[in-house]
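Visitor: Handing you this structure, nothing more for now.
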Amino acid sequence: MVGVVAAGSLAATALMPTATASAATPVDECAIAPTWTAGANYQANDIVKHSDGKIYVAERDNPGYDPTVSTWYWNPYTCGGNGNPNHNSFVVTEAQFNQMFPRRNPFYTYKGLTDAAKAFPKFAHTGTDTMKKQEAAAFLANVSHETGGLYYVVEQNKDNYSHYCDRDQSYGCPAGQSAYYGRGPIQLSWNFNYKAAGDFLGIDLLNKPQLVEENPAIAMMTGLWYWNTQDGPGPITGHDAMVSGAGFGQSIRSINGALECEGGNPRQVESRINRYKQFTQILGVPTGANLSC
């Protein structure tokens, strides 16, 4: 992946207020939601009101992380649930995932992918059913290309390892000169990318980059962080490319730009396109236009 500078213990239990209501008058869960408090202990499914005026629901237990920052732990919540995507569903089934990655490393699990996707509520939950499946296929096709079919967890060329430390950054490389090599489905590399991804996810990847090769969900989250938030050398993110109609080719550009696009490496582009065609076929949707860059 091209290096780009990016800009993302239990305390006392926070008790939910209680209220009574008749069957004909359901409780307004947002009206009774407590105000989020930094450092309080929250459990999965707790609902809070943030100082930004919005309501959030805890996706998993956490010690008071900020809902506007730690999207791995919190998601925006629509009162009554009518406007919330079903984060427990994914447009790719486990059987389809296994079909896409028959020789994948056991490290890369379907549960790791679906757990990671919960941190990005718009991923594969935007637009029509066809658009959702096209985006999932596009992301998985690109990571398949990057990792040899989800076979490689870490960068294979160890001679590169020491190159990914930019000491001009104020925070330096606290995990060591050679700690920020490529890991995960989009081969996250460079200290500044580990910091940016970690800041977005609420996980200290700058000091603990090894988490990306130890935890399947964190590994997938770093890939989805790049896909959903970074345009890299392209004009838009991979997510935006697929939901705006720009097409799969623009998702390639967001990852490797001129290194592959515009004649940079047509064989690599062809590899990505072929995987995308295969995955959309498995999901039963058309590829859409603008496959190449």
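Visitor: Please find, among ALA95, ALA124, ALA141, ALA116, the residue that is out of contact with any Cys (no Cβ under 8 Å at 6 or more places or on another chain), modelled with pLDDT of 90 or more, on the phi > 0 side of the Ramachandran plot and small (Gly, Ala, Ser).
Guide: Details: ALA95 fails: on the phi > 0 side of the Ramachandran plot; ALA141 fails: on the phi > 0 side of the Ramachandran plot; ALA116 fails: on the phi > 0 side of the Ramachandran plot.
Only one candidate passes the filter, namely ALA124.
Visitor: Tell me yes or no: at least one residue of the range 221-232 is over 28 Å from ASP66 (Cα atoms), among the aromatic types (Phe, Trp, Tyr) and in a helix (DSSP H, G or I).
Guide: Taking the range 221-232 first, the residues over 28 Å from ASP66 (Cα atoms) are none.
No, there is no match, as no residue in the range 221-232 is over 28 Å from ASP66 (Cα atoms), among the aromatic types (Phe, Trp, Tyr) and in a helix (DSSP H, G or I).
Visitor: Scan PHE139, PHE123 and give me the residue that is closer than 18 Å to VAL57 by Cβ, hydrophobic (A, V, I, L, M, F, W, C) and crowded, with 20+ Cβ neighbours inside 10 Å. Lay out the reasoning, then the answer.
Guide: On the way: PHE139 fails: closer than 18 Å to VAL57 by Cβ.
Result: PHE123 is the single residue among PHE139, PHE123 that is closer than 18 Å to VAL57 by Cβ, hydrophobic (A, V, I, L, M, F, W, C) and crowded, with 20+ Cβ neighbours inside 10 Å.
Visitor: So ARG272 passes all but one of these: (1) at pLDDT 95 or above; (2) assigned to a loop (DSSP other than H, G, I, E, B). Which condition number does it fail?
Guide: So ARG272 meets the others, but not (2).
Visitor: Sticking with this one: Mind checking whether some residue in the range 232-245 is of a type in the set (Ser, Thr, Tyr), surrounded by fewer than 19 Cβ atoms within 10 Å (Cβ to Cβ) and within 26 Å of GLU135 (Cα to Cα)? Break it down stepwise before answering.
Guide: Initial filter on the range 232-245 (of a type in the set (Ser, Thr, Tyr)): 237, 244.
When the remaining residues are screened for being surrounded by fewer than 19 Cβ atoms within 10 Å (Cβ to Cβ), the result is 244.
Then keep just the ones that are within 26 Å of GLU135 (Cα to Cα); that gives 244.
Yes.
Visitor: Being modelled with pLDDT of 75 or more and either in contact with a His (Cβ under 9 Å, 6 or more places away or on another chain) or among the charged types (D, E, K, R) (or both), is that true of even one residue in the range 26-44?
Guide: Among the residues of the range 26-44, at least one is modelled with pLDDT of 75 or more and either in contact with a His (Cβ under 9 Å, 6 or more places away or on another chain) or among the charged types (D, E, K, R) (or both), which makes the answer yes.
Visitor: Filter the range 158-177 down to the residues that are among the small types (Gly, Ala, Ser) and exposed (fewer than 15 other Cβ atoms within 10 Å of the Cβ) and list them by number.
Guide: Of the range 158-177, the ones among the small types (Gly, Ala, Ser) are 162, 170, 172, 175-176.
Hits for the range 158-177 are SER162, SER170, GLY172, GLY176.
Visitor: Could you list, in sequence order, all residues of the range 258-274 that are more than 20 Å from the chain's Cα centre (by Cα) and buried (at least 17 other Cβ atoms within 10 Å of the Cβ)?
Guide: If we filter the range 258-274 for residues that are more than 20 Å from the chain's Cα centre (by Cα), which is where we start, we get 258-271, 273-274.
Selection gives GLU260, CYS261, VAL269, ILE273.
Visitor: When you look at ALA197, is it in contact with a Pro (Cβ under 8 Å, 6 or more places away or on another chain), on the phi < 0 side of the Ramachandran plot, outside any loop (DSSP other than H, G, I, E, B) and not β-branched (Val, Ile, Thr), yes or no?
Guide: Numbers: in contact with a Pro (Cβ under 8 Å, 6 or more places away or on another chain): no; on the phi < 0 side of the Ramachandran plot: yes; outside any loop (DSSP other than H, G, I, E, B): yes; not β-branched (Val, Ile, Thr): yes.
Judged against the criteria, ALA197 is not a match.
Visitor: On to the next question. Run down SER254, SER244, SER271 and say which single residue is in the same structural domain as MET100 (by TED's automatic domain parsing), of a type in the set (Ser, Thr, Tyr) and within 21 Å of ASN98 (Cα to Cα).
Guide: On the way: SER254 fails: within 21 Å of ASN98 (Cα to Cα); SER244 fails: within 21 Å of ASN98 (Cα to Cα).
Checking each option against the conditions leaves just SER271.
Visitor: While we're looking at this one, here's another question. Looking only at the range 192-215, which residues are within 22 Å of ALA124 (Cβ to Cβ) and modelled with pLDDT of 95 or more?
Guide: Passing the criteria: ALA197, VAL212, ASN215.
Visitor: Give the residue that is modelled with the lowest pLDDT, with candidates limited to residues of the range 46-57 that are part of a loop (DSSP other than H, G, I, E, B) and surrounded by 12 or more Cβ atoms within 10 Å (Cβ to Cβ). It would help to see each step written out before you state the result.
Guide: Taking the range 46-57 and keeping what is part of a loop (DSSP other than H, G, I, E, B), we get 46, 50-54.
Restricting the remaining residues to those that are surrounded by 12 or more Cβ atoms within 10 Å (Cβ to Cβ) gives 46, 50, 54.
Values: ASP46: 79, HIS50: 90, LYS54: 88.
Ranking the candidates gives ASP46 first.
The values are calculated or read from the model by the stated rules, or taken from the named source; none is laboratory data. Quantities reported herein were computed from a predicted structural model and do not represent experimental measurements. So basically every Cβ, Gly included, is an ideal-geometry build from the backbone, and we count neighbours across all protein chains shown.
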